[in-house]
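The values are calculated or read from the model by the stated rules, or taken from the named source; none is laboratory data. Keep in mind it's a predicted model, so treat the numbers as computed, not measured. Don't worry about glycine lacking a Cβ; one is built from the backbone with ideal geometry, like all the others, and counts go over all protein chains shown.
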Amino acid sequence: MPNKLKLFFGINSASLQAFGGGGSGGGPNILEAFLGELKDYDVEFVVPNDDNSDLTQQVADVDIIVPAVATITEETINAAKNLKGIVQAGVGLDTVNIDAATKRNIPVVNEPEGSAIAMGEYAFVLLLNTIKKIPESIRMMNDGVFFQPTSFEIAGKTLGLIGLGRSAREFLKRIRPFDVKIIGIDKYPENMENLELDFLGGIDKLDYLLENSDIVSIHCPANDETKGLINYEKICKMKSSAILINLARASIIDKEGFIKAMKENKISGAGLDVFWQEPMDADDELLQLPNVFSTPHIATSTVEARFRVFKETAINIKKILKGEIPASCVNLK
């Protein structure tokens, strides 16, 4: 008899069904890769209620929490009496109360490798669409206007990277052939080797990066130190011709200040794949800004990335259930 494993997955039932290849658009069975690694277990999935607010009842007797997009509070963690681990299917842990998990000696683990290529590629997608004004050109063409708008070349520009982790490095691989100068900052610049940047500094060099970059791309994690890192005043330090790219976490940018800056055309444009509320309200004024190119948090939504992430997430779960601490655990050694 296989061991029973009760697993909370922080997405709605329709999304879980889609991962299993049962969505309205069909698609690959990504859950198959996940369950294949857990073949020795009889897995029971638990998903949030429709209101997605109080999760304490759903997690009461689960063994593992996969946060996905759900917020895992201290109350939620303490309600999960059988909890053995919190294992994210991806990188982001900004919605997890890590301190509360640590108090209970519960490992919190992410999967930082699997989505890096997809994110590096998508940073380039956001860059191209924004700097070349592709959405605006489509709107104009549909209105019968040709030969507009005027955009910018990438060649000769300066790219500024905020955060130099895996996704930034994958982005670097793809943009180097475009003849750009590259500067970057990171919390731990002393650990950044062999990146061959034109400038490398700590977070104290943020203003320098903003003032000297034509393209600013955010790749740092969201935490207490980075929340609101980019606000109205910081955007005003950028060149008026510059563009801002964010596929990390929305909270790194102050929303009110960002909207104000974009309405005032302080910079040329912005490309966003992450938002302060997801899904967004259809009436959100952000969607009405003509100089903001937005996509619905799909940077990591590639078949390859999801197969890698789901497989490694299952491997991490297996290790925890065996009493091991995965290498990507962020709170326990």
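Key figures for this structure:
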quantity: Residue within region 36-45 that is free of Cβ contacts under 8 Å to residues at least 60 places away in the same chain and β-branched (Val, Ile, Thr) present; calculated: yes
quantity: Residues located in region 246-258, provided they are more than 12 Å from Glu233 (Cα to Cα) and crowded, with 18+ Cβ neighbours inside 10 Å; calculated: Asn246, Leu247, Ala248, Arg249, Ala250, Ile252
quantity: Residue within region 217-228 that is free of Cβ contacts under 8 Å to residues at least 60 places away in the same chain, more than 16 Å from Leu127 (Cα to Cα), crowded, with 21+ Cβ neighbours inside 10 Å and polar (S, T, N, Q) present; calculated: yes
quantity: Residues being in a loop (DSSP other than H, G, I, E, B) and not β-branched (Val, Ile, Thr) - total across region 283-316; calculated: 9
quantity: Selection count where residues are among the charged types (D, E, K, R) and under 18 Å from Leu126 (Cβ atoms), scope region 256-275; calculated: 1
quantity: Inter-residue pairs, beta-carbon under 7 Å, first closer than 26 Å to Tyr188 by Cβ and in region 148-170, second of a type in the set (Val, Ile, Thr) and part of a loop (DSSP other than H, G, I, E, B), 6+ apart; calculated: Thr158/Val180; Leu159/Val180
quantity: Flag if Ala261 is more than 22 Å from Arg169 (Cβ to Cβ), assigned to a loop (DSSP other than H, G, I, E, B) and not hydroxyl-bearing (Ser, Thr, Tyr); calculated: no
quantity: Enumerated strands (runs of 3 or more DSSP E) restricted to region 112-226, each holding at least 2 residues that are under 20 Å from the mean Cα position of the chain (by Cα); calculated: 158-162, 181-185, 215-218
quantity: Filter result for Ser268 (at pLDDT below 95 and of a type in the set (Ser, Thr, Tyr)); calculated: no
quantity: Filter result for Met119 (touching a helix residue (DSSP H, G or I) at 6+ places or on another chain (Cβ under 6 Å) and within 30 Å of Lys319 (Cα to Cα)); calculated: yes
